[in-house]
Amino acid sequence: MEDVIVSDTYTQDHLKQLGDRLSEYIEKNINSIDRSLPAFFAHVQSTVNQTAPRLSEPEYNLFMDGVACHIFRRSPLKNDASYNEELGTALAQIKKGGGRGALDLVSGLYRILQGNYERGLVLLKKYQAQDPLIGSARAYCYIRIDLKSSKIQSPGEPDPRPSDMILNAREQLMEMAHRRPPLTMHPLLNEAERDLLFRIFHEVYEEARRWFPHESWFVWIALAVADREGDQRRHDEIIRDAMRDFPEDIRFLRVALYDALRNESIETAALILRTMIRVMPDNAEPIYYGLRISLATKKIQMYYRFRKLAIIRGLPPHLLHLLDYAFEVILGNERDVIAKRKLFYEYYPKLDYLMESLTYLEADIFSHDPIRERRGSQALISVVDRFAMTVLQIGET
């Protein structure tokens, strides 16, 4: 084990190098490691202390979890429940605060892959209400156990009532909907394990929509999962269903509006904006979206109509001045752009960093090159939009 020591100086790069070398060592020596797990972890602990002496407790524990998970994945003994317990015990002995950590998650997913749903339920229990993907995996286990069980009330007569396992699955989902945990991704999962969680989630999501058609949280999490996967087709399907079933939910209206703007579907964006104004009649947020659509369409009358409303609704002056500048840039009025930029610097010197980044984009926008103009305009609108969203505190509600 001495050959895996990297450096006395702590850096994340050194720690990554150590992790890579440990992974290589584990793959080549898994059988000998399995025969002496406590001794191996003691060596790892000593090596980490030399390599990264100032490592924080959470970082240290995460690193040790990663080592244990890699051992589990490579071990020919991973099907043996007693080996899992032995590995978990060895891990807990060298972790600060003890515990099996992510080993429960990785081994629980492996049990699901094996079809050992009962054991999967036990191993994933501590995550049941804290993580939408893992909570859905537990609901999946209940559903699969039910499919394996007999549902015959009497010979030849199906029982129409939901089984205890199905009730447990529903209760698991109800608890998550009550707690509403955010979507999180566990850094120690490999690609296959993440894909398994995503696949299970999508299957359980269909059941959740059937069982709880009026619960929007499942739809919101499904949208987040689709975005995390980069699955545009699924994203479009989910937002279409959301707009049908929750037509006045501002979260879905926001997503649909930006989808329409991205697709240059201005008529669709305008229809969504009308709904937003009706749903939030006294709020500044829809007024900002009116200004945002004006930037996309370059419609002067529309811009100034919403600008008047923005003043009435109390949009901050620095945001209005920034939008005025951006609108002149998009229109290509170089002389007015210079005047607006100078005024912004004069009024808001603490925001000079923002104006400097936008000024840099002017070279593209005024280049008379269609490709550069389009690229620069999109970048400028994106910067202004992110700033506006922060100022107006627009987000999940």
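The values are calculated or read from the model by the stated rules, or taken from the named source; none is laboratory data. All figures in this text were calculated on a predicted structure; none of them were measured in a lab. Positions of Cβ are backbone-derived with ideal geometry, glycine not excepted, and every protein chain shown enters the neighbour counts.
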Within the stretch 209-224, is there a residue that is crowded, with 18+ Cβ neighbours inside 10 Å and hydroxyl-bearing (Ser, Thr, Tyr)? no
Could you check, for the stretch 279-288, whether at least one of its residues is surrounded by fewer than 16 Cβ atoms within 10 Å (Cβ to Cβ) and either outside any loop (DSSP other than H, G, I, E, B) or in the same structural domain as Pro181 (by TED's automatic domain parsing) (or both)? yes
Regarding Ala296, is this residue more than 25 Å from Leu358 (Cα to Cα) and small (Gly, Ala, Ser)? no
Starting from the stretch 328-351, keep only residues that are touching a residue at least 40 places away in the same chain (Cβ under 8 Å), then list their pairs with residues that are among the polar types (S, T, N, Q) whose Cβ atoms are within a distance under 8 Å, requiring at least 6 positions of separation or different chains. Val329/Ser377; Ile330/Ser377
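Checking the conditions here, which among Arg307, Arg233 is at pLDDT 95 or above, closer than 30 Å to Asp324 by Cβ and either in contact with a Ser or Thr (Cβ under 8 Å, 6 or more places away or on another chain) or of a type outside the set (A, V, I, L, M, F, W, C) (or both)?
Of the residues listed, the single one that is at pLDDT 95 or above, closer than 30 Å to Asp324 by Cβ and either in contact with a Ser or Thr (Cβ under 8 Å, 6 or more places away or on another chain) or of a type outside the set (A, V, I, L, M, F, W, C) (or both) is Arg307.
Residues checked against (1) assigned to a helix (DSSP H, G or I); (2) without any contact (Cβ under 8 Å) to a residue 60 or more places away in the chain:
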site: Glu85; (1), (2): yes, yes
site: Lys96; (1), (2): no, yes
site: Leu113; (1), (2): yes, no
site: Val122; (1), (2): yes, yes
site: Lys126; (1), (2): yes, yes
site: Ile134; (1), (2): yes, no
site: Cys141; (1), (2): yes, yes
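For the stretch 64-83, which positions are surrounded by fewer than 19 Cβ atoms within 10 Å (Cβ to Cβ) and assigned to a helix (DSSP H, G or I)?
Residues satisfying the conditions are Arg73, Arg74, Ala81, Ser82, Tyr83.
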Can you spot a residue in the stretch 54-63 that is among the small types (Gly, Ala, Ser) and either in the same structural domain as Glu193 (by TED's automatic domain parsing) or in contact (Cβ under 8 Å) with a residue 12 or more places away in the chain (or both)? no
Looking at (1) loosely packed, with under 13 Cβ neighbours inside 10 Å; (2) not in a helix (DSSP H, G or I), can you tell me which one Lys350 breaks? (2)
Every listed condition ((1) in contact with a helix residue (DSSP H, G or I) (Cβ under 8 Å, 6 or more places away or on another chain); (2) under 30 Å from Leu62 (Cα atoms); (3) assigned to a helix (DSSP H, G or I)) holds for Ala192 save (1)
